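Participant: What follows is a single structure, and I will ask about it in a moment.
The values are calculated or read from the model by the stated rules, or taken from the named source; none is laboratory data. Given the structure is predicted, the values throughout are model-derived calculations rather than measurements. Here Cβ is always computed from backbone atoms with ideal geometry, including for glycine, and neighbour counts include all displayed protein chains.
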Amino acid sequence: LGITDRRVDFVQTDCAINPGNSGGPLVNEFSEVVALNTAIRADAEGIGFAIPINTVKRVASLLANGEKVPHPFIGIRMVDNFTANSAFGDRALELPVGTVIVDVIEKSPAALAGLAVGDVITAVNGVVMNGAQILDRVKVTPPGDSYEFTVFRPSAQDSHMHRRVIIRVGDLAEHNNRSKSVNAEERNVSPPGVGVRPPIPRTFGA
């Protein structure tokens with residue numbers, strides 16, 4: 001859907017959604033509002049998406065109170081290891097029951113805690129969870145709270161190891177803003193021996 005900096009659950013619907021009714025209610029057969037029409041698949045017909053009403057109510061309450069809407073994340077993509085063959089081939093057969101990390105976002109909470117591609121999450125706070133359960137747990141956790149991940153790391157030397165890692169949940173929007181600021185600063189750094197002229201203020205007509 002092109003929503004790369006947010007984590008949002010959607011209800012899929014075949015109701016027609018267009019610029020005239022996106023943002024309107026999606027109702028069930030009992031005339032109950034169940035979701036908020038939001039988006040469509042541009043490359044398909046009759047596939048629309050709506051934000052569940054419980055999410056709408058929670059976000060609306062935060063906004064009405066002048067609060068910021070958090071987007072908790074830890075910065076990994078993962079797959080349950082019984083479906084990991086596409087990512088790890090025969091190695092997947094050697095992995096313990098758990099969730100395999102297939103990508104780690106640079107400078108994310110997971111990266112700062114030392115997690116890496118190929119690690120297998122076998123428990124969170126001592127409880128065995130699959131990938132969907134981990135995602136459900138993280139997305140309702142206030143940024144700043146922490147979890148203890150039990151991680152299995154395969155090794156080429158066959159000295160496999162389990163370890164416990166504390167990960168502090170971050171906010172995805174803040175992470176993206178920091179990344180943009182760092183990139184902007186890097187672009188403004190001059191090569192050695194080259195002077196920097198102060199920027200010319202931009203003017204606007206009123």
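Participant: THR83 passes all but one of (1) modelled with pLDDT of 85 or more; (2) within 22 Å of ASP9 (Cβ to Cβ); (3) not acidic (Asp, Glu); which number fails?
Facilitator: Result: THR83 passes all but (1).
Participant: How many residues are farther than 13 Å from VAL100 by Cα, assigned to a loop (DSSP other than H, G, I, E, B) and not β-branched (Val, Ile, Thr) if we restrict to segment 111-156?
Facilitator: So the answer is 8.
Participant: Moving on. Going by the conditions given, is LEU95 surrounded by 15 or more Cβ atoms within 10 Å (Cβ to Cβ), at pLDDT below 90 and out of contact with any Leu (no Cβ under 6 Å at 6 or more places or on another chain)?
Facilitator: Judged against the criteria, LEU95 is a match.
Participant: Next up: Tally the residues that are within 14 Å of ALA50 (Cα to Cα) and of a type outside the set (S, T, N, Q), restricting the search to segment 20-31.
Facilitator: Counting residues in segment 20-31 that are within 14 Å of ALA50 (Cα to Cα) and of a type outside the set (S, T, N, Q) gives 5.
Participant: Considering each residue of segment 137-156, count those that are over 15 Å from ASP171 (Cα atoms) and of a type in the set (S, T, N, Q), and give that number.
Facilitator: Counting residues in segment 137-156 that are over 15 Å from ASP171 (Cα atoms) and of a type in the set (S, T, N, Q) gives 2.
Participant: From the list ALA50, ALA60, ALA39, ALA16, pick out the single residue that is under 18 Å from LYS139 (Cβ atoms), outside the structural domain of VAL140 (by TED's automatic domain parsing) and either touching a Pro at 6+ places or on another chain (Cβ under 6 Å) or touching a residue at least 24 places away in the same chain (Cβ under 8 Å) (or both).
Facilitator: One residue alone meets the criteria, ALA50.
Participant: Now, a different point. Checking the conditions here, which among VAL104, VAL140, VAL128, VAL165 is in contact (Cβ under 8 Å) with a residue 40 or more places away in the chain and under 30 Å from ARG58 (Cα atoms)?
Facilitator: The conditions single out VAL140.
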